[in-house]
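Data first, discussion second: the structure below is written as structure tokens.
Please treat every number below as a calculation from the coordinates, not as lab data. Everything numeric in this text was worked out from a predicted model, so none of it was measured. Quick reminder, even Gly has a Cβ in these numbers, built from the backbone with ideal geometry, and neighbours come from all protein chains shown.
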């Protein structure tokens, strides 16, 4: 079937469901802290709170150890302080903002990246709905804590 549909179906993968920030954030941070070569992060929401700071610290630490880190955050969805971004850049993290508006692109201002991806060393990936914000922290215990699911994928996927 994979010869007809492409790409090929690969064996040796594992998929783990992670529910809410109590499971999602520790798993992602653990993968970041274990990175040896590369980290690629793309997210619609990266906010300057405690969760954002935890990720920034882990990313800066790995960058200082020689890990290549590339981040793509959405210009509109990521309410992150410029000083916060500058600290990460000064730590060696490469950060780009997706689709910031200019006078010539105002008609495309609604073109956003809603992806939430983390890929570590090309062998561990995370995909799901949670953004990097306190809104997803905890276990959806109240209206200020949102419920979401991420998936951790390991292997040659």
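Do we find that residue 77 is surrounded by 15 or more Cβ atoms within 10 Å (Cβ to Cβ), part of a loop (DSSP other than H, G, I, E, B) and at negative phi in this structure? So that I can check it myself, show each step before the final result.
Working: surrounded by 15 or more Cβ atoms within 10 Å (Cβ to Cβ): yes; part of a loop (DSSP other than H, G, I, E, B): yes; at negative phi: yes.
Yes: the conditions hold for residue 77.
Only one of 155, 122, 138 is at positive phi and in contact with a helix residue (DSSP H, G or I) (Cβ under 8 Å, 6 or more places away or on another chain). Can you tell me which? That would be 138, the only listed residue that is at positive phi and in contact with a helix residue (DSSP H, G or I) (Cβ under 8 Å, 6 or more places away or on another chain). Scanning the stretch 36-74 for residues that are within 17 Å of residue 122 (Cα to Cα) and part of a loop (DSSP other than H, G, I, E, B) yields 36, 37, 66, 67. The criterion of at least 3 residues that are closer than 14 Å to residue 71 by Cβ and under 12 Å from the mean Cα position of the chain (by Cα) is met by the following strands (runs of 3 or more DSSP E) wholly inside the stretch 85-157: 116-120.
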